[in-house]
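Have a look at the structure below, then the notes.
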Amino acid sequence: MTARIPDDFMDLIRKPAFAQLATLMKDGSPQVTPVWFDYDGEYIRINSARGRIKDLNMRRRPQVALCIVDPQNPYRYLAVRGTVVEIAEAGADGHIDQLAKKYLNLERYPNRAPGEVRVMYKVLPARVSTMG
């Protein structure tokens, strides 16, 4: 079942607010990383590079949680629990450029490392909670 993001919290999706992404390590302990994200109306999309800890964790255990805090009001947030349902390299370079536009107002992502392979993850929201 897909959970719906409330209309009155869609502004957190559109503005350049960071999401705190929680994944599970191999030993089951939590790992949290701030990430850029967007939402295509069905999936929350995240981008990373192949081989990073969050990449390895999401490939091994697709259950994730995200918390998006309003930059103007830290007592207002959107929390999402869901499952990574797709991991793709195709289209990931274009996606990171879209995120660079949202977060840095740049046409291209400026921090690519030599040989880096970008990966896009689609998270299907299963539970959504809000505050504020």
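Whether any residue in the range 124-131 is surrounded by 13 or more Cβ atoms within 10 Å (Cβ to Cβ) and over 24 Å from Met10 (Cα atoms) is what I want to check. Taking every residue of the range 124-131 in turn, none turns out to be surrounded by 13 or more Cβ atoms within 10 Å (Cβ to Cβ) and over 24 Å from Met10 (Cα atoms). Which one is nearest to the chain's Cα centre (by Cα) among residues in the range 1-10 that are surrounded by 10 or more Cβ atoms within 10 Å (Cβ to Cβ) and part of a loop (DSSP other than H, G, I, E, B)? Taking the candidates together, the pick is Ile5.
In the range 54-70, how many are without any contact (Cβ under 8 Å) to a residue 60 or more places away in the chain and either acidic (Asp, Glu) or out of contact with any helix residue (DSSP H, G or I) (no Cβ under 9 Å at 6 or more places or on another chain) (or both)? Write out each step before concluding.
Within the range 54-70, the subset without any contact (Cβ under 8 Å) to a residue 60 or more places away in the chain is 54, 56-57, 59-69.
Restricting the remaining residues to those that are either acidic (Asp, Glu) or out of contact with any helix residue (DSSP H, G or I) (no Cβ under 9 Å at 6 or more places or on another chain) (or both) gives 54, 56-57, 59-63, 65-67.
Final tally of qualifying residues: 11.
Among the residues of the range 34-44, is there at least one that is surrounded by 13 or more Cβ atoms within 10 Å (Cβ to Cβ), of a type in the set (Phe, Trp, Tyr) and closer than 14 Å to Ile5 by Cα? Yes: the range 34-44 contains one or more residues that are surrounded by 13 or more Cβ atoms within 10 Å (Cβ to Cβ), of a type in the set (Phe, Trp, Tyr) and closer than 14 Å to Ile5 by Cα. Considering the conditions (1) farther than 16 Å from Asp55 by Cα; (2) hydrophobic (A, V, I, L, M, F, W, C); (3) under 18 Å from the mean Cα position of the chain (by Cα), Met131 is excluded by exactly one of them, (3). Selection of first residues in the range 27-53 that are within 10 Å of Lys122 (Cα to Cα) and of second residues that are of a type in the set (Asp, Glu), restricted to Cβ pairs under 7 Å at least 6 apart or on distinct chains, gives the following pairs, ordered by first then second residue: Arg45/Asp38.
Scan the range 108-118 and give yes if some residue there is closer than 24 Å to Asp7 by Cα and either surrounded by 13 or more Cβ atoms within 10 Å (Cβ to Cβ) or without any contact (Cβ under 8 Å) to a residue 40 or more places away in the chain (or both), otherwise no. Can you show your working first?
Within the range 108-118, the subset closer than 24 Å to Asp7 by Cα is none.
Within the range 108-118 (the criterion being closer than 24 Å to Asp7 by Cα and either surrounded by 13 or more Cβ atoms within 10 Å (Cβ to Cβ) or without any contact (Cβ under 8 Å) to a residue 40 or more places away in the chain (or both)), the answer is no, since none of the residues qualifies.
For the range 11-114, the strands (runs of 3 or more DSSP E) that sit wholly inside it and include 3 or more residues that are more than 19 Å from Thr130 (Cβ to Cβ) are 30-35, 44-49, 73-88. Evaluating Val84 against the criteria (1) under 14 Å from the mean Cα position of the chain (by Cα); (2) more than 27 Å from Asp7 (Cβ to Cβ) leaves one unmet condition, (2).
Bear in mind these aren't lab numbers, they're just calculated from the coordinates by the rules spelled out. Just so it is clear, the model here is predicted, and its values are computed rather than measured. Cβ coordinates were reconstructed from backbone atoms using ideal geometry, including for glycine residues, and neighbour counts include every protein chain displayed.
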